[in-house]
């Protein structure tokens, strides 16, 4: 087994153990109200950070290019309650058209 596969197996096992540790250690207890609210907001905040990094970062610098315009178009599509597939298509087409023009 190569070292890459060994790393994948070790990280996978560690992930399963960490995810299982929470319910086992909590044993049916509820989180305090403030902590529960913070936990609920972690996933959307992480997703927003990943999207912003992917759209506006290149290497170690801030970049405003077609990806940002695609993200803005997707934001508008979400605001008008377009279906998710349509939002993705609008973002991709906007970025592709601007790259073709530039």
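One residue is enough: does the range 44-56 have a residue meeting the conditions in contact (Cβ under 8 Å) with a residue 12 or more places away in the chain, in contact with a strand residue (DSSP E or B) (Cβ under 9 Å, 6 or more places away or on another chain), surrounded by 10 or more Cβ atoms within 10 Å (Cβ to Cβ) and part of a helix (DSSP H, G or I)?
yes
In the range 10-43, how many are part of a helix (DSSP H, G or I), more than 23 Å from the chain's Cα centre (by Cα) and at pLDDT below 85?
So the count comes out to 5.
How many residues are at pLDDT 95 or above and not in a helix (DSSP H, G or I) when one looks only at the range 80-102?
The number of residues fulfilling the criteria is 4.
The values are calculated or read from the model by the stated rules, or taken from the named source; none is laboratory data. All figures in this text were calculated on a predicted structure; none of them were measured in a lab. Methodologically, a virtual Cβ is constructed for each residue, glycine included, from the backbone with ideal geometry; neighbour enumeration extends over all protein chains shown.
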